[in-house]
Amino acid sequence: MINILRKILILLWRIWFYIILIVPILILFPILLISVAKDSWYPFFFRLARFWARIILFGMGFWPKIERLEKTEPGKSYMYIANHTSMADIMLMLHTVRNPFVFVGKQELARFPIFGYFYKQTCILVDRGDPKSRLAVFESAQKRLRQGLSICIFPEGGVPDDTSVVLDSFKDGAFRLAIDHQVPIVPMVFYDNKKRFSYNFFTGSPGVMRVKILPFIETEGKEPGDRRELRDQAFKAIHSELLKDQTTPDAIKG
């Protein structure tokens with residue numbers, strides 16, 4: 001009986017997520033339409049997106065806790081990367097990062113009503129099964145970096161189907177772009193998103209969502225051939241943090 005009641009409560013909580021995801025977009029719809037009309041207005045859209053993300057995080061009972069081992073500079077471009085385990089990763093990234101950035105994300109999310117329209121207008125979409133799409137993504141990201149914006153890529157390329165995987169292998173794209181434009185790579189660790197709001201529907205709970213911004217990985221003077229070295233360096237940094245958290249006695253449980 002307790003288990004059935006718990007599932008009903010989680011179901012209602014999950015439905016609430018989609019309500020607070022869509023309602024702010026509907027309320028802000030005219031302003032959002034204006035903010036995506038020109039590329040030069042993107043920083044204004046980004047501020048609206050951060051406000052939207054915080055409504056969802058706090059509305060779901062999530063409490064972000066951020067530790068910054070190094071701080072970004074206003075007006076500077078970066079390549080933001082993090083482990084990817086949850087739909088809440090997008091909101092947590094927007095809450096954490098102050099510098100305007102553009103997501104590189106999967107094309108499937110553009111199918112969501114209303115949200116999908118703005119996602120398609122403001123993000124760089126990738127079809128992972130299409131090599132031509134990957135080339136188009138690279139060119140779009142280059143354009144955004146030249147405009148002085150930052151880029152956010154989840155380098156695993158998607159959420160692992162096996163939930164026991166701590167961190168899936170990284171793709172090269174983020175590191176190649178960072179080297180080409182000589183922008184620092186900012187590795188970030190999302191410790192709690194998998195247990196707070198995973199893709200497994202009848203799981204999750206309100207609570208703290210911890211983020212750690214690790215020391216930046218510099219790309220100045222690096223060549224394209226160095227991308228695998230940087231990829232492995234970033235993977236080890238994030239992976240070791242996740243493993244360490246699993247074995248820490250005072251790590252947040254449940």
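The values are calculated or read from the model by the stated rules, or taken from the named source; none is laboratory data. For clarity, every value in this text was computed on a predicted model and none was experimentally measured. A quick note on method: Cβ atoms are made from the backbone with ideal geometry, for glycine too, and the neighbour counts reach across all protein chains shown. Areas reflect the complete protein model, heavy atoms only, side chains present, ligands, DNA and RNA absent. Shrake-Rupley method; radii C 1.70, N 1.55, O 1.52, S 1.80 Å.
Quick notes on this one:
- Amide H contacts of S150 (H built 1.01 Å from N, under 5 Å, at least 5 apart or other chain): Y78, F101, V102
- A 1.4 Å probe run over region 10-76, with the rest of the protein chains in place, finds 60 Å² accessible per residue.
- Neighbour net charge for A174 - beta-carbon separation under 10 angstrom, K R +1, D E -1: +3
- Rounded to the nearest Hz, the phi-derived 3J(HN,Hα) couplings of region 185-191 under the Karplus curve 6.51 cos²θ - 1.76 cosθ + 1.60 (θ = phi - 60°) are 9, 10, x, 10, 10, 9, 7, where x marks glycine and proline.
- Legend: Rg and Dmax of region 134-242, from Cα coordinates, 15.3, 48 Å.
- By the Kirkwood approach, averaging reciprocal distances over each pair of separate Cα atoms, region 176-239 gets a hydrodynamic radius of 13.6 Å.
- Heavy-atom accessible area for K236, with the other protein chains in place and a 1.4 Å probe, reaches approximately 140 Å².
- Heavy-atom accessible area, probed at 1.4 angstrom with all protein chains present, ranks L5, L125 as L5, L125, highest first.
- Taking every DSSP beta bridge that has both ends in the chain, the antiparallel portion is near 15%.
- Region 52-173, accessible surface, carbon-and-sulfur percent (1.4 angstrom probe): 53 percent
- Pairs of Cα atoms nearer than 8 Å and 6+ residues apart set the relative contact order; for region 122-216 it is 18 percent.
- Span-rule helices in the chain, defined as complete DSSP H runs reaching 24 Å or more along the axis (Cα) with Kyte mean at least 0.5: 2-27, 42-59
- Rg and Dmax, both from the Cα atoms of region 19-126 and both in Å, are 13.8, 39.
- The chain: translational diffusion in µm²/s, Stokes-Einstein, Kirkwood Rh over Cα pairs, 10 °C, 1.306 mPa s: 84 µm²/s
- Cβ-based charge dipole, the chain, positive-most Cα from A82, I213, I10: I10
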